[in-house]
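To keep things clear, I will list the structure first and then write my remarks on it.
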Amino acid sequence: MADLQDRKMKDAAMRAKINQKLVETGERERLMELLRTRLIECGWRDQLKQHCKDIVKQKGLEHITVDDLVAEITPKGRALVPDNVKKELLQRIRTFLSKQSSV
Amino acid sequence: MNHHGCQHLNEFKAAKGTEPFRIIHTCFIACASADARRLKAAHCRCHTCNQPAFRLHACLHCVYFGCYLDKHIQEHARSTNHNLAVDLHYGAVYCFPCGDYVYDSELEDMARSQWGKASSSLGIKERIFAPWEPNDTETELLRKNPKRRKVEVASTVGLRGLMNLGNTCFMNCIVQALIHTPVLRDYFLSDQHDCQTGVVKKCLVCEMTRLFQEFYSGVRTPHIPYRLLHLVWTNARHLAGYEQQDAHEFLIAALDVLHRHCKGSNGLNYSNPHHCNCIIDQIFTGGLQSDVTCQKCNNVSTTIDPIWDISLDLGPGPPCGNNNNSSNSSPGSGYSNSPGNYEPTSLIECLKRFTKPEHLGSSAKIKCSNCHSYQESTKQLTMKKLPIVACFHLKRFEHSTGYHKKISTFVSFPEQLDMTPFMSSSRNNNNGYCNQIVQESAKSLSCDNKYSLFAVVNHSGTIETGHYTCYIRQHKDQWFKCDDHMITNASQQEVLNSEGYLLFYHKQILEYG
């Protein structure tokens, strides 16, 4: 049990460190730009935009909040990201990390 | 969307101005320097739970960062009555009393200029895909034309037959293929051709613009391409008359004329033919690398030539033979390479043969630039640069010495094609990545060189007389057969089982250059 707890802590620390490196070097911005481009290319953005419009239409503009919309589209948005986009991003992050000696 | 914020934001701006927003934005959202990024990386954590959470928000009133999802920023707003916060990823301002993000044009302008600085400091190009916002002229046009059409999966807009004007099926099938070339369609439908010739009626690019309008107008009766035919006749004399013509020859002539008529519209220096930036060159031009290795000193001399299509031999082919002669200003056509004497039965085999090292025998000695003597050598063709649209020409019409015949062998071709093995970089792949992980993942992920089939031109009949038809793809996976004025449904299997004369593939992923 203690082991599991320990590992979770370590994982969180590692994640924080990686995130910090990504921000520091500006790589995070580059990845965001790449992701944005890929999601537009594969139609993800249009699809999600349409989905948002449908939800707003269905519930009425007056009765919907940002939180509702986020809660509704997040699962769908995640599910719709194509596997090869995820793979490409993962690959880019791996390449980046392999060049960082200090992590 | 309201661009004047909300009452609460306006009150805040009246009391404290835009400076708090600007400081947060430049220091923690869009950083334009390495120092700022270092600070951002160190400090962007929730002040309550100390996590670098998603959707972190910064209080606009005091120094406090809090997670939105875990409601730490909401708690802060409630307990301190600080009712405005900035999203630290996107820079949008959230108003707690309104329960919504609010948009203020003054703050948005600041944010935009700051994003620009941040991107350029990292060498990221300006965002190509800012959402379209119609300007005044466009708003006016939209108001005048209230009819909107949404393109659904079942929509047939874009499909239209073409009348045969007397043995013009060679032209019709190429027009269908070009009309359904995705990148070309996007170019023409977004009205990007700015005609510089001054004589619209004589410009083939302007005629293509009109053709695209015709195809996408929603009209279902066949279109009569008499103006196009006239332009082809006046610009490519060898295709004039009511004779039967070769569709491949027409394709090359059409690309050549389009390329010539585009010139002058791109403001670039076009004295160098290899650096043309016209839409035709952007889409169709690839780079073919030819490596000639001297057998004596192993010196490799490399040349790269622009090409618009790849012509592939089908027959057993002579043991030796080369016919590269392209000295005109437009990228050449009809590159061929035919070592070996077997008959390929698939596109992949044709490409393997095309890129195989070929021994230039004693009858074709070349002067080596290194050892300055005439030597036998080997020559290998590979793809240095892949075009966005790859046209493969299966050389079914053989005009060898003494006889002319059509080769009707079935050559299978895939719906998805990976060009990686035929790239110059695969020629000697010992160099490059040294990291094992990178190499392995790169292999499984070489989607950069992957292509999808979108049009196939077929010829039925003999070398003297016959008929051209074309299969084209609509949307992602719907196929249609275009037989002059007739358009019928087709299955993908039917397309892949067809004989195939010209095969059109487009890249699955576009890089932005």
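Residue-wise test of (1) within 30 Å of residue B:124 (Cβ to Cβ); (2) free of Cβ contacts under 8 Å to residues at least 24 places away in the same chain; (3) buried (at least 20 other Cβ atoms within 10 Å of the Cβ); (4) among the charged types (D, E, K, R).
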{"residue": "B:450", "(1), (2), (3), (4)": "yes, no, no, yes"}
{"residue": "B:459", "(1), (2), (3), (4)": "no, no, yes, no"}
{"residue": "B:493", "(1), (2), (3), (4)": "no, yes, no, no"}
{"residue": "B:502", "(1), (2), (3), (4)": "no, no, yes, no"}
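Residues in region B:7-37 that are assigned to a loop (DSSP other than H, G, I, E, B) and either surrounded by fewer than 20 Cβ atoms within 10 Å (Cβ to Cβ) or free of Cβ contacts under 8 Å to residues at least 12 places away in the same chain (or both): B:17, B:18, B:32, B:33. Here B:399, B:393, B:372, B:404 are screened, and the one residue that is outside any strand (DSSP E or B), in the same structural domain as residue B:496 (by TED's automatic domain parsing) and not aromatic (Phe, Trp, Tyr) is B:372.
Of the residues screened, residue A:41 is not one that is at the interface with another protein chain (Cβ under 10 Å from one of its Cβ atoms) and closer than 19 Å to residue B:41 by Cβ. Within region A:4-13, being of a type outside the set (Lys, Arg) and away from chain B (no Cβ under 12 Å) holds for A:4, A:5, A:6, A:9, A:11.
If you go through region B:119-140 and keep only what is at pLDDT 85 or above and either open to solvent by 100 Å² or more (accessible area, probe 1.4 Å) or within 14 Å of another protein chain (Cβ to nearest Cβ) (or both), you end up with just B:136. Applying the condition of being out of contact with any helix residue (DSSP H, G or I) (no Cβ under 9 Å at 6 or more places or on another chain) and more than 16 Å from residue B:479 (Cα to Cα) to region B:173-190 and asking which residue is surrounded by the fewest Cβ atoms within 10 Å (Cβ to Cβ) yields B:190. Applying the set (1) within 21 Å of residue B:509 (Cα to Cα); (2) facing another protein chain (nearest Cβ under 9 Å) to residue A:86 leaves exactly one unmet item: (2).
Do we find that residue B:111 is within 11 Å of chain A (Cβ to nearest Cβ) and in contact (Cβ under 8 Å) with a residue 12 or more places away in the chain in this structure? Spelling it out, it is not the case that residue B:111 is within 11 Å of chain A (Cβ to nearest Cβ) and in contact (Cβ under 8 Å) with a residue 12 or more places away in the chain. Going by the conditions given, is residue A:66 within 8 Å of another protein chain (Cβ to nearest Cβ) and either farther than 28 Å from residue B:44 by Cα or exposed (fewer than 14 other Cβ atoms within 10 Å of the Cβ) (or both)? Judged against the criteria, residue A:66 is a match. Which residues, counting only those in region A:23-38, are over 24 Å from residue A:80 (Cβ atoms) and at the interface with chain B (Cβ under 8 Å from one of its Cβ atoms)? Across region A:23-38, the qualifying residues are A:23, A:24, A:25, A:26.
If only one of A:50, A:91 is over 21 Å from residue B:89 (Cα atoms), within 13 Å of chain B (Cβ to nearest Cβ) and open to solvent by less than 50 Å² (accessible area, probe 1.4 Å), which one is it? So that I can check it myself, show each step before the final result.
Working: A:50 fails: open to solvent by less than 50 Å² (accessible area, probe 1.4 Å).
After ruling out the rest, the residue left standing is A:91.
Evaluated against (1) surrounded by fewer than 16 Cβ atoms within 10 Å (Cβ to Cβ); (2) within 20 Å of residue B:312 (Cα to Cα); (3) of a type in the set (Lys, Arg), residue B:476 falls short on exactly one condition, (2).
Kindly establish whether residue B:258 is modelled with pLDDT under 90 and crowded, with 18+ Cβ neighbours inside 10 Å.
On the way: modelled with pLDDT under 90: yes; crowded, with 18+ Cβ neighbours inside 10 Å: yes.
Yes; evaluated as a whole, the condition is true for this residue.
Among residues of region B:350-373 that are open to solvent by 80 Å² or more (accessible area, probe 1.4 Å), those with a beta-carbon under 8 Å from a residue that is modelled with pLDDT under 80 and part of a loop (DSSP other than H, G, I, E, B) at least six positions away or on a different chain give the pairs B:356/B:337; B:356/B:339; B:356/B:340; B:359/B:320; B:359/B:339; B:363/B:320. Taking the condition part of a helix (DSSP H, G or I) and either charged (D, E, K, R) or more than 14 Å from chain A (Cβ to nearest Cβ) (or both), does residue B:191 pass? So residue B:191 does not fit the description; no.
The values are calculated or read from the model by the stated rules, or taken from the named source; none is laboratory data. Values in this document were obtained by computation on a predicted structure and should not be read as measured data. Note: ideal-geometry Cβ built from the backbone for every residue, glycine included; neighbour counts use all protein chains shown. Please note that ligands, DNA and RNA were not included when accessible areas were found on the heavy atoms of the full protein model with its side chains. Shrake-Rupley method; radii C 1.70, N 1.55, O 1.52, S 1.80 Å.
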